[in-house]
Ligand SMILES: [Zn+2]
């Protein structure tokens, strides 16, 4: 699906993987679930690109529903995959998911999420055999030149990726615009967050960024500004 002419998305909005094109080359931000591998060629073709144009896969954090087809891409295409250093062990499957339970749930949305993920291989994700790492503040040498902002809380190594040339901020699960476990919509603390208080505090690190496109790991694009999204997450967090 086209977000902008140079940013496309795999999936229906429940679990997002983004393709970012610059000067004919592509960076993939998060790899969703393994089944998205089959959707990738057609989505690249819709951008006038092919698998050969993919230069890098960057992960916003080490959760399995973001690693998706990353290991397959690394092995079959030798695409470099990277994640913040604090989430590398999680991405390699060496430490358990730090998330503390599901939080609130509603049966319908939760079942829809699990079915959606399960039908796309989400229950047999492969961790990464190898993953490169980056630190806070780095500007990555990949198409789009994303700048890394560490936003710990959802996981210790959660990172937002700012791509100013595309007016875009990829927030991973620093916050979501849909809670897949309840169906709630709008900017909110993402489900499966290890430390919600820390996640909310970390939003101060991104709230002054100007980006017309705020692109979360779960839910639709937010175009109301980063500051307003952060305000809404804080407001909702206070009510809980
Ligand atoms: Zn996550």
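Only the coordinates and a few stated rules stand behind these numbers; no lab work does. Quick caveat, the model's predicted, so the values are computed rather than measured. Positions of Cβ are backbone-derived with ideal geometry, glycine not excepted, and every protein chain shown enters the neighbour counts.
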GNM on the chain, Cα springs under 10 Å; top mean-square fluctuation among 147, 106, 74 goes to 106
Among beta bridges assigned by DSSP with both residues in segment 78-174, the antiparallel ones amount in percent, to the nearest 5, to 75
For the chain, averaging the sequence separation of alpha carbon pairs under 8 Å that lie six or more residues apart and dividing by its residue count, the contact order in percent is 18
Least to most buried among 64, 165, by other C-beta atoms within 10 Å and fewest first, runs 165, 64
Here the Cα Rg-to-2.2 N^0.38 Å ratio for segment 116-240 is 1.06
For the chain (alpha-carbon point model, no solvent) the Debye-based log₁₀ I(q)/I(0) at q = 0.12, 0.13, 0.17, 0.18 Å⁻¹ works out to -0.58, -0.69, -1.28, -1.47
Comparing 111, 33, 81 in a Gaussian network model of the chain (Cα, 10 Å), the one with the largest mean-square fluctuation is 111
Going from the fewest other Cβ atoms within 10 Å to the most, one would list 83, 3 as 3, 83
Hull volume per residue for segment 179-235, using the convex hull of the C-alpha atoms, in Å³ is 79
Semi-axes of segment 1-62 from the Cα gyration tensor (sqrt of 5 times each eigenvalue, largest first, whole Å) come to 16, 13, 11
The base-10 log of I(q)/I(0) that the Debye equation returns for segment 92-186 at q = 0.13 Å⁻¹, one scatterer per C-alpha, is -0.63
Segment 9-56: antiparallel bridges as % of DSSP beta bridges, rounded to 5, reads 80
Candidates 151, 226, 95; GNM for the chain (alpha-carbon contacts under 10 Å) flags as most fluctuating 95
Here the percent of antiparallel bridges among DSSP beta bridges lying wholly in the chain, to the nearest 5, is 65
